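Trainee: First the structure, which I've put down as structure tokens, then a few questions once you've had a look.
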Amino acid sequence: MISSDHLNFTTPTKSSSPDFEVGTKNTSSFSVYCTQCSHSIQYPVHQLFITPAIANSPTETQTSTPELMMPNKIHACEICSKVYSRPSTLKTHMRKHTGEKPFDCNICGKSFAEKGNLKTHLRIHTGEKPFECNFCAKKFTTQGHLTDHFRKHVNDRPFKCNECGDCFMRSSTLKIHMRIHTGERPYKCEFCGKGFSESGNLKTHMRIHTGERPYVCEFEGCKKAFKTKGHLIDHLKTKQHLDEQV
């Protein structure tokens with residue numbers, strides 16, 4: 001493992017000699033060597049900076065191999081080996097591994113790993129919604145939420161499942177959907193070990209162990225509490241409460 005205190009690397013040495021095509025991801029790798037020790041890290045070609053070779057004629061342009069261009073310094077994560085051109089970007093990335101969240105909301109105390117995420121969060125408290133839909137004038141706190149909303153107007157579902165052909169408006173929804181095919185359940189209960197494909201399902205499950213019932217019936221004299229919003233809705237549809245609503 002290469003230590004983070006000497007991440008000044010020399011130009012990489014090719015460990016294989018594939019034919020390159022500009023704009024394609026090649027699975028061959030290059031070795032990046034540390035200038036202060038004998039350690040090296042192997043990186044896939046598509047993680048490095050590839051630019052076309054400078055050619056003097058159309059013939060040379062067609063047959064020449066792209067040059068591999070590296071910045072003077074690269075900064076590699078010593079945990080997952082992702083590479084960044086700026087030390088500040090690597091520092092932010094490292095918080096994914098360490099769990100560090102140095103930016104605190106001064107209203108509710110919630111913490112964030114990035115300053116930009118805190119800025120977005122503060123709009124919950126201020127009510128600011130700077131992103132407006134051109135179709136219906138509805139406003140949103142983030143550009144991403146506006147983009148998701150806009151796709152509903154035009155029925156745009158650009159993220160397609162290669163297994164079953166289902167299409168989705170968000171890449172994150174497709175990622176969750178793929179777990180149906182792969183069987184992946186990355187969210188594990190710390191009490192019983194049961195796995196879930198979505199974090200929200202784990203959160204609901206945890207209430208079995210903790211006894212938490214956050215959804216409370218607001219009818220006077222009832223105040224029954226439930227683990228899920230769906231159970232509360234079912235409760236409100238009972239004859240007793242339907243008669244009270246008439």
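Trainee: Which pairs, out of Lys194/Lys229; Lys152/Lys223; Lys82/Lys175, put more than 27 Å between their alpha-carbon atoms?
Mentor: Flagged as over cut-off: Lys152/Lys223.
Trainee: I want to make sure I understand the PRE zone here: with the label point 7 angstrom from the Cα of Lys203 toward its beta carbon, which residues in region 100-114 have backbone N atoms less than 15 Å away?
Mentor: Counting backbone N atoms under 15 Å from the label point, the list is 110-111.
Trainee: With r defined as the distance between the Cβ atoms of Lys175 and Asp243 and R0 fixed at 41 Å, what FRET efficiency is calculated, to the nearest 0.05?
Mentor: 0.35
Trainee: Find how much the distance from Glu78 to Glu190 grows on full extension, using 0.36 nm per residue of separation minus their present alpha carbon separation; answer in nm with one decimal.
Mentor: My answer for the length gained is 37.5 nm.
Trainee: Okay, moving on. Among Thr228, Gly193, Gly211, whose Cα projects farthest towards the positive end of the dipole of region 182-246, with charges put on the beta-carbon of Lys, Arg (+1) and Asp, Glu (-1)?
Mentor: The Cα lying farthest towards the positive end belongs to Gly193.
The numbers here are math on the coordinates, done by the rules we state, and not lab data. Values in this document were obtained by computation on a predicted structure and should not be read as measured data. Positions of Cβ are backbone-derived with ideal geometry, glycine not excepted, and every protein chain shown enters the neighbour counts.
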